[in-house]
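Following: one structure in structure tokens, then a few remarks.
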Amino acid sequence: MPDVYGLGVAYRALDGRLTVSLQWDRVQYSDIATSLELDDQTLDDADELHLGAEYVFLDATPVIAVRLGAWLDPDHQVRATTDDPFVQALLPRGQDEMHYAAGLGLAMENFQLDLAADFADRVDTLSLSAIYSF
């Protein structure tokens, strides 16, 4: 697993309805190639940037949260370091990719439901979570 270092900051409005956050992560993907002892392949270390916002309708029943975000998914594809053109063709450098996310949350006294979607060129992801507190 790669080592990850990060730093983030968030601002919440005085009324508690709006939160905006920014996060930077340094991901040492090269740790993977080192641990697997790959001689003719590598992964570049990369910086991920995340930006997100949430607006909460506190007067609604149930409480409703709307979320939007974007993040940079840097190239971390295994690539060839050899001069062999065949291996280079099989393991080319990848591309950075932007992700855009949206979500909706519902919170009741003992139950919370969250739905989120992440959209990118290579893959779209949909997630659903539920929390019951007792």
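The values are calculated or read from the model by the stated rules, or taken from the named source; none is laboratory data. Everything numeric in this text was worked out from a predicted model, so none of it was measured. All Cβ positions, glycine included, derive from the backbone under ideal geometry; neighbour counts span all protein chains shown.
Please specify each residue of the range 1-41 satisfying the condition of being basic (Lys, Arg) and within 16 Å of the chain's Cα centre (by Cα). First the steps, then the outcome.
Within the range 1-41, the first condition is being basic (Lys, Arg), and the residues that meet it are 12, 17, 26.
Matches in the range 1-41: ARG26 only.
Checking ASP44 against (1) part of a loop (DSSP other than H, G, I, E, B); (2) under 24 Å from the mean Cα position of the chain (by Cα); (3) free of Cβ contacts under 8 Å to residues at least 24 places away in the same chain, which test does it fail?
Exception for ASP44: condition (3).
Residues checked against (1) in a strand (DSSP E or B); (2) surrounded by 14 or more Cβ atoms within 10 Å (Cβ to Cβ); (3) modelled with pLDDT of 90 or more:
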position: SER21; (1), (2), (3): yes, yes, yes
position: GLN77; (1), (2), (3): no, no, no
position: VAL87; (1), (2), (3): no, yes, no
position: ALA102; (1), (2), (3): yes, no, yes
position: ASP121; (1), (2), (3): no, no, yes
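If the Cβ limit is 8 Å and pairs must be 6+ apart or interchain, which residue in the range 86-112 that is of a type in the set (Val, Ile, Thr) pairs with which residue that is modelled with pLDDT under 85 and surrounded by 15 or more Cβ atoms within 10 Å (Cβ to Cβ)?
VAL87/ALA80
The rows are residues; the columns are (1) within 21 Å of the chain's Cα centre (by Cα); (2) among the aliphatic types (A, V, I, L, M); (3) part of a helix (DSSP H, G or I); (4) surrounded by 14 or more Cβ atoms within 10 Å (Cβ to Cβ).
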site: MET98; (1), (2), (3), (4): yes, yes, no, no
site: LEU106; (1), (2), (3), (4): no, yes, no, yes
site: GLN112; (1), (2), (3), (4): no, no, no, yes
site: LEU126; (1), (2), (3), (4): yes, yes, no, no
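Are there any pairs, at least 6 apart or on different chains, whose C-beta atoms fall under 8 Å, with the first in the range 26-37 and free of Cβ contacts under 8 Å to residues at least 24 places away in the same chain and the second part of a strand (DSSP E or B) and exposed (fewer than 13 other Cβ atoms within 10 Å of the Cβ), and if so, which?
Here the result reads ARG26/VAL4; ARG26/TYR5; ARG26/GLY6; ARG26/ASP47, each pair linking the range 26-37 to a residue that is part of a strand (DSSP E or B) and exposed (fewer than 13 other Cβ atoms within 10 Å of the Cβ).
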